[in-house]
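One structure below.
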Ligand code: SAM
């Protein structure tokens, strides 16, 4: 059948695009050699040179074709190279160390025009949302996950504070999570990866397990042996994928949940009432700790690592209620800004009568032996 004039022009144009000759994508070891790139140990840089493994990380992130991909800490571009092979619409790199400029520009030139953008700076203060067009936005409660992915192999010293910061952004649906339930695929020191996925009663169950799992489905995709990196780190590396949940398991704001969970785990091997007690100033500690357990229905002699998510949810709800009734309690911080002395000087007088009234309650379940 004969082509219409318009269709013929369209076909000619697309043939022209297809025939643009891009330079071949160099191997990562060629790039490292060509630009004499060395990992700086003091900056915890470890390069992943094995293309099978960089490909496996990218595969763990899901279908990147025609999507928007943020890569944090690309270094010389090993993972970047594997991302390029998946033909995303856009790749956005965020790297702190400008020594990698030549290698990353080389990769940029091997992509179709305007596919790869490089930003130099600290990922901890990077706002990802302004770079993506509105068409990629999805309703949070829709089944559809937006065609946006965040991945990276960062230094261990950055990955834990970064995931806490991003979990907070997931909780408030800010930064790139204003576009919907954007998944993350990141590397962690194996021990941290195990904590992130640990179930109640498992040895690795920690604050990080609760904070991550109440907001996301968390998957430990696979482990990369330390020997795969140059230079070799002292530990193996876990690749972890996070997919934000439609509904968090604890319906309270991030900082309140973080405070309750942190204090509960602050005495990990003790009965949970010991850690929970540190949420309250000494002056009123006994009474409010009893109040927390009365309202939440949680058994005081459970250990923090045994607590199920719904028990943490009940503790957070009880703490939120108590703070609503006695607002100055929320300013109290056991070991930080506003510990006992400061809190007492600001609020103590208001609680004097309260303490006198409650002072007959001195012991927590006196019959209970404390471990
Ligand atoms: N992704 C590369 C790979 O797998 O071979 C490099 C990994 S290396 C462990 C970590 C990279 O993150 C380095 O390139 C380092 O310069 C970069 N980096 C470290 N801290 C960063 C930060 N705060 N913001 C952005 N990039 C950072």
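Summary of computed values
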{"item": "Residue within segment 171-180 that is within 14 Å of the ligand (Cβ to nearest atom), under 24 Å from residue 89 (Cα atoms) and at pLDDT 95 or above present", "result": "no"}
{"item": "Qualifying residue in segment 145-153 (condition: surrounded by fewer than 22 Cβ atoms within 10 Å (Cβ to Cβ) and either under 20 Å from residue 183 (Cα atoms) or within 12 Å of the ligand (Cβ to nearest atom) (or both))", "result": "yes"}
{"item": "Residue match in segment 210-218 (condition: surrounded by fewer than 23 Cβ atoms within 10 Å (Cβ to Cβ) and within 15 Å of the ligand (Cβ to nearest atom))", "result": "no"}
{"item": "Complete set of residues in segment 96-125 that are over 19 Å from residue 152 (Cα atoms) and outside any loop (DSSP other than H, G, I, E, B)", "result": "102, 106, 109"}
{"item": "Within segment 126-237, strands (runs of 3 or more DSSP E) holding 2 or more residues that are free of Cβ contacts under 8 Å to residues at least 40 places away in the same chain", "result": "216-224"}
{"item": "Test: residue 52 is touching a helix residue (DSSP H, G or I) at 6+ places or on another chain (Cβ under 9 Å), assigned by TED's automatic domain parsing to the domain that holds residue 28 and more than 24 Å from residue 135 (Cα to Cα)", "result": "no"}
{"item": "Number of the condition not met by residue 156 [criteria: (1) surrounded by fewer than 16 Cβ atoms within 10 Å (Cβ to Cβ); (2) within 20 Å of residue 209 (Cα to Cα); (3) more than 12 Å from the chain's Cα centre (by Cα)]", "result": "(1)"}
{"item": "Segment 345-362 residues that are more than 10 Å from residue 284 (Cβ to Cβ), paired with ones that are at pLDDT 70 or above and in a helix (DSSP H, G or I) (beta carbon under 8 Å, 6 or more apart)", "result": "346/328; 346/331; 350/328; 361/286; 361/287; 361/290; 362/286"}
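Residues checked against (1) surrounded by 20 or more Cβ atoms within 10 Å (Cβ to Cβ); (2) touching a residue at least 60 places away in the same chain (Cβ under 8 Å); (3) outside the structural domain of residue 331 (by TED's automatic domain parsing); (4) not in a helix (DSSP H, G or I):
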{"site": "262", "(1), (2), (3), (4)": "no, no, no, no"}
{"site": "273", "(1), (2), (3), (4)": "yes, yes, no, no"}
{"site": "295", "(1), (2), (3), (4)": "no, no, no, no"}
{"site": "300", "(1), (2), (3), (4)": "no, yes, no, yes"}
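The values are calculated or read from the model by the stated rules, or taken from the named source; none is laboratory data. Being a predicted model, the structure only gives us computed values, none of them experimental. So basically every Cβ, Gly included, is an ideal-geometry build from the backbone, and we count neighbours across all protein chains shown.
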